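Heads up, the thing below is written out as structure tokens.
Here, each number is a calculation from the coordinates, and none is a lab measurement. Just so we're clear, the structure is a prediction, and the values are computed from it rather than from any experiment. Don't worry about glycine lacking a Cβ; one is built from the backbone with ideal geometry, like all the others, and counts go over all protein chains shown.
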């Protein structure tokens, strides 16, 4: 029932070939929406998933979001060339704390352009933001035409919450979708996030969530 909600994820810095192969094999077996891997694993995962319905998500500017716009654009173009079908980019969180809307609009718009027909999810890192900042960046994402607002990297002190998903949903409504990620380890919590408005779930405990 929930398989197609899930981006089956392994973004650990020490993940090996065998770890990614296991991730891919599980994604094929359980028919998850995508695997989510670091950029250096995109080509490998793409080749393994050829002729399946499982997509390949990768992360851009991960996990801090502090790369230059030009670096993030190059990362995006390179990832798509290597077979990525979905892009999860981390915003420049410091620029959001400064309320620098122009910078954020340029960053997101340029990466959206680089994505062409590929799906763009924008990671806003809710654990580091106050409510005003969450509302501002959600509004900017709508303006820039992104496909998803994503709650978290899971690497910066917090993950998805039901309250944050509800808040983002109240801003984006049906203009874009929501991906909840970070700390989703049991089925009850996943179901609460989906009920709150999440359209996609990022998790490493995906098999446990389904079983």
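Based on C-alpha pairs under 8 angstrom that are at least 6 apart in sequence, the range 1-108 has a relative contact order of 22 percent. Sorting 198-211, 133-146 by their mean Cβ neighbour count within 10 Å, with the most densely packed peptide first, gives 198-211, 133-146. Relative contact order of the chain: 18 percent, from C-alpha pairs under 8 Å at least 6 residues apart in sequence. Report the far tail of the P(r) of the range 3-210, meaning the percent of Cα-Cα pairs longer than 23 Å. When all Cα pairs of the range 3-210 are counted, 39 percent exceed 23 Å.
Centroid-to-centroid, using Cα positions, the range 1-20 and the range 42-67 are 10 Å apart. Only Cα pairs under 8 Å and 6+ residues apart enter the sum, and on that basis the relative contact order of the range 89-211 stands at 21 percent. Packing, as the average of other Cβ atoms within 10 Å across residues, places the peptides 119-125, 68-74 in the order 119-125, 68-74, highest first.
With the convex hull drawn over the C-alpha atoms of the range 34-155, the volume per residue is 91 Å³. Report summary: the helix-based calculation at 222 nm, which adds -39500 (n - 2.57) for every DSSP H run with n ≥ 4 and divides by the residues of the chain, gives -13500 deg cm²/dmol.
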